[in-house]
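J.: I have a structure I would like to understand better, so I am pasting it below and will then ask my questions one at a time.
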Amino acid sequence: MFIFDKMNYPAQIVVNVLHREFPDLAIKVLERIREQLPALTFDDIDIVEGIVDAFCQDMNVTKSQLYNAEMIKSNAHKRRILIALIMKLYQPELLVSMITGHMNSCISRKLIAILHVSRGTVSFDVKRAVKFYQLYSEFRESVDNMHTKIIQQYGNKENSIEASTQAV
């Protein structure tokens, strides 16, 4: 159980006190966050389909293979890599378990529409992707490599938010 689970204070109050009363600690916390989160995150949901297409091309898989993944286990694994990739691009703090919760509903709905899978499948795959990203270096490496390729292809000011604007 986290200490913050017992507190009734908004996170912004905690952050303000941390900066005011413990500036050295606040700097260390900020450095740690920057180590774990990518410098660039996306906010343009309209490019999700292009990201999925690039992923499919790179992984040599079709969208239909991703939604018919029950037939071939490796395709379910690839779908989880895709889910982790989308999380790293749009909600990296969720992927690395800095926050708990669910994938953004707009992103989730977009994936449901593109992959023709159920909400339950996406929800299950999000949970599995988070666990796999934490536990398995090969899974994490696949996600990180694909993330680098997507950032090179789509990472511009129109599609993204730089970490420096997401101040803690």
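J.: Tell me, what is a quarter of the convex hull surface for the C-alpha atoms of the stretch 41-165, in nm² with one decimal?
T.: Mean projected area for the stretch 41-165: 7.2 nm², to one decimal.
J.: Search the structure for amide H atoms under 5 Å from the amide H of residue 42, placed 1.01 Å from N in the peptide plane, and list their residues when 5 or more places away or on another chain.
T.: Here the answer is 90, 161, since their amide H atoms fall under 5 Å of that of residue 42.
Here, each number is a calculation from the coordinates, and none is a lab measurement. Everything numeric in this text was worked out from a predicted model, so none of it was measured.
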